[in-house]
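Bear in mind that the values in this text are calculations on the coordinates, not laboratory data. This structure is a prediction, so every number in the text was calculated from the model and none was measured. In this analysis, Cβ positions are derived from the backbone assuming ideal geometry, glycine residues included, and neighbour counts consider all displayed protein chains.
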Amino acid sequence: MVRVSTIVILAGIVLLFIPIPPVATILGILVILLGVALRLLAGL
């Protein structure tokens, strides 16, 4: 089964490639950091 954090990290990577630079880049980085935090803190 796929972890929630893995899905969140993948969503962040996808956001980095959306061609709306200021919004997508910031959201992408925040979503990736959220996924890493979920993995480290909650083990999800």
Quiz item: What's the angle, to the nearest 10 degrees (0 to 90), between helix 4-16's Cα axis and the longest principal axis of the chain?
Solution: 10 degrees
Quiz item: In Å and whole numbers, how far do the C-alpha atoms of the chain stretch along each principal axis, longest first?
Solution: 31, 19, 7
Quiz item: What is the helix-to-structure angle for 21-37, meaning the angle in degrees between its Cα long axis and the longest Cα principal axis of the chain, kept from 0 to 90 and rounded to the nearest 10?
Solution: 10 degrees
Quiz prompt | Cα-projected label distance for V4 with R39, points at 7 Å along beta-carbon direction, nm | solution = 1.6 nm
